[in-house]
């Protein structure tokens, strides 16, 4: 898969049991993600998100197809763009 880090983030950290494993809010989930990631991994995720954002004209439909999320915390927005922007802000 071309976007493995986004896939891992959405499958594991924002998966079905995210609120039980990592926290109730997107901020708590991303804090857990940052704690378990190296600086190089965080930089790679930022680059992958930038690549993904620049690669799709219909971001909402493509993201929903590529990365179905089991858990969508309110503080990370409902749209794919809001979600990816929130993730980027959390890993800067």
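Mind computing the radius of gyration and Dmax over the alpha-carbon atoms of the chain? Å is fine for both.
When restricted to the Cα atoms of the chain, Rg and Dmax are 12.0, 34 Å.
Just want to confirm a number: the relative contact order over segment 4-90, from Cα pairs under 8 angstrom separated by 6+ residues, in percent.
Worked out over segment 4-90, it gives 42 percent.
Taking the highest mean first, how do the peptides 51-63, 72-84 order by number of other beta carbon atoms within 10 angstrom per residue?
72-84, 51-63
In nm, give the distance between the simple-model label positions of residue 17 and residue 60, each being 7 Å from the Cα along the Cα-to-Cβ direction.
3.3 nm
No value in this document is a laboratory result; all are computed from the given coordinates. This structure is a prediction, so every number in the text was calculated from the model and none was measured. For neighbour counting, all protein chains shown are included, and Cβ atoms are generated from backbone atoms with ideal geometry for every residue, glycine included.
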